[in-house]
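Engineer: The structure under discussion is supplied below as structure tokens; questions concerning it will follow.
What follows is calculated from the coordinates using simple rules that are stated; it is not laboratory data. Here the structure is a predicted model, which is why all the values come from computation and not from measurement. Because the Cβ atoms are built from the backbone with ideal geometry, glycine has one as well, and the counts that use them run over all protein chains shown.
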Amino acid sequence: MSEKIHCYDSILTWHIGPPLYLVVIFVFLISLYFSPLSSAVTDKSGLMKLISETEDSYLSVNDLAFILATHDFDATPKGDYVEVRLNDVVLKLVPNGSHPGLANVTIMS
């Protein structure tokens, strides 16, 4: 004689609430949604801190644009300078070679 054993644990769990792993997945997905907002809020003081803390006399325009982009700045190489957009302001950064810092900054618009 064989007995059939039914497992109702998963049904009971859904009546009480979703399983813990679904809650964890939901919280993780929500955190991914809000993380770009915090990294997109970069300001001029963060940019100035970044370019003044480091020096590299052999830095090219592409290298400077890469460094800025990896620090969440909207940086685009344009000929002999890098264009950086901060909110509604466009900045021009020119690598400054052997002088202190990474670049000279001027406001384009």
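Engineer: Using a cut-off of 14 Å between beta-carbons, work out the net charge of the residues near Val89 (Lys and Arg +1, Asp and Glu -1, Val89 not included).
Structural biologist: Computed value for this residue: -1.
Engineer: Starting from the 7 Å offset along Cα-to-Cβ, what nm value, one decimal, do you get for the label separation of Phe66 and Val90?
Structural biologist: Spacing of the two 7 Å Cα→Cβ label points: 2.6 nm.
Engineer: What is the order of Val105, Val90, Val27, fewest Cβ neighbours within 10 Å to most?
Structural biologist: Ascending Cβ contact count within 10 Å gives the list Val27, Val90, Val105.
Engineer: Work out the P(r) tail for the stretch 42-107: percent of alpha carbon pairs separated by more than 21 Å, whole number.
Structural biologist: When all Cα pairs of the stretch 42-107 are counted, 9 percent exceed 21 Å.
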